[in-house]
1. Among Thr156, Thr171, which is modelled with pLDDT of 95 or more, of a type in the set (Val, Ile, Thr) and over 17 Å from His101 (Cα atoms)?
2. Does region 69-84 contain any residue that is touching a strand residue (DSSP E or B) at 6+ places or on another chain (Cβ under 8 Å), in a loop (DSSP other than H, G, I, E, B), buried (at least 18 other Cβ atoms within 10 Å of the Cβ) and not charged (D, E, K, R)?
3. Can you tell me how many residues within region 30-65 are open to solvent by 70 Å² or more (accessible area, probe 1.4 Å), part of a loop (DSSP other than H, G, I, E, B) and charged (D, E, K, R)?
4. Checking Phe198 against (1) in contact with a Phe, Trp or Tyr (Cβ under 7 Å, 6 or more places away or on another chain); (2) more than 20 Å from Glu104 (Cβ to Cβ), only one condition comes out false. Which one?
5. Determine whether Gln98 is within 20 Å of Ile36 (Cα to Cα) and open to solvent by 70 Å² or more (accessible area, probe 1.4 Å).
6. Out of all the residues in region 185-206, which are among the hydrophobic types (A, V, I, L, M, F, W, C), over 19 Å from Gln229 (Cβ atoms) and surrounded by 12 or more Cβ atoms within 10 Å (Cβ to Cβ)?
Amino acid sequence: MKPMKLVLLLALAVLGAAFALPERKTKVYLIGDSTIAQKEVRAYPETGWGTPFSHFFDSTVEVDNRAKNGRSTRTFISEGLWQPVADALQEGDYVFMQFGHNDEAKDKTDRYTTPEQYTANLERFIAETRAKKAIPVLLTPVSRRKFDSSGRAVETHVVYSALVHDVARKTGVALVDLDVLSRQLYQQFGPETSKLLFLQLAPGEHPNYPEGKNDNTHFSELGARKIAQLVLQEVRRLDLGLARQIRKPVVKK
């Protein structure tokens, strides 16, 4: 091969490498309600568990948190929040879906979803995820903080958590029983100390809530991280491919 031609080929190879497209990251979509959602600054210290969850993975993963306050499976579809996710999915992506808080709220007709429709909506999310060769993961709704008179953490999503189990069995989808896991966490903390996991503020304690806040549904920064750690624990237990993309600790030499 003539020297000039060789130089030209090498130059083209270097140029091609310089403009090569970066390797596509695995996308992990989070869909659900306010217990997962990214919060505006005016809501802090309220924190959705999706926020700390996004920092658990290495550079090959991008967590895309699409969860929104007040959404049920019905409104997530009717407001056009699901379709962009379904359209963007690619092979090997994940969809973590946790609904129930708003679906079960019969007193809020703008979001209430019957058990039959809730089941159908979850099955739709699963089918459309699988159609793109992406991986659906079901989560039961994270428990609210509630204790009985004996100090036992009480189940708060009896019907809708059971429906998630039914869908998981029917479809063979990986299931994170966040309802049970979160109640176990609250029990470990106890009736009083578990308040630290939630948006519980005295008057004047935080400028966003000058009159204080007594919220047993939405998490504090600590609570969100603890719940996110439970989900991460389940990613490992279920041996999802995503488990091999968890961030490795930096070892100091």
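1. Numbers: Thr156 fails: over 17 Å from His101 (Cα atoms).
After ruling out the rest, the residue left standing is Thr171.
2. Taking every residue of region 69-84 in turn, none turns out to be touching a strand residue (DSSP E or B) at 6+ places or on another chain (Cβ under 8 Å), in a loop (DSSP other than H, G, I, E, B), buried (at least 18 other Cβ atoms within 10 Å of the Cβ) and not charged (D, E, K, R).
3. As a first pass, look at region 30-65 and keep what is open to solvent by 70 Å² or more (accessible area, probe 1.4 Å): 38, 40-42, 44, 55, 59, 62.
Now restrict to residues that are part of a loop (DSSP other than H, G, I, E, B): 38, 40, 44, 55, 59.
Still in the running and charged (D, E, K, R): 40.
Final tally of qualifying residues: 1.
4. (2)
5. No, not satisfied.
6. Leu201
Every residue, every condition in (1) buried (at least 20 other Cβ atoms within 10 Å of the Cβ); (2) without any contact (Cβ under 8 Å) to a residue 60 or more places away in the chain; (3) more than 18 Å from the chain's Cα centre (by Cα), yes or no:
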| position | (1), (2), (3) |
| --- | --- |
| Ile135 | yes, no, no |
| Val142 | yes, no, no |
| Arg145 | yes, no, yes |
| Ser149 | no, yes, yes |
| Val154 | no, yes, yes |
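Matching residues to (1) in a loop (DSSP other than H, G, I, E, B); (2) in contact (Cβ under 8 Å) with a residue 40 or more places away in the chain:
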{"site": "Ser182", "(1), (2)": "no, yes"}
{"site": "Gln187", "(1), (2)": "no, no"}
{"site": "Pro191", "(1), (2)": "no, yes"}
{"site": "Tyr209", "(1), (2)": "yes, no"}
{"site": "Arg225", "(1), (2)": "no, yes"}
{"site": "Val251", "(1), (2)": "yes, no"}
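The values are calculated or read from the model by the stated rules, or taken from the named source; none is laboratory data. Just so we're clear, the structure is a prediction, and the values are computed from it rather than from any experiment. Heads up, the Cβs are rebuilt from the backbone with ideal geometry, glycines too, and the neighbour counts pull from every protein chain shown. Ligands, DNA and RNA are excluded from the accessible area calculation, which covers all protein heavy atoms including side chains. Shrake-Rupley method; radii C 1.70, N 1.55, O 1.52, S 1.80 Å.
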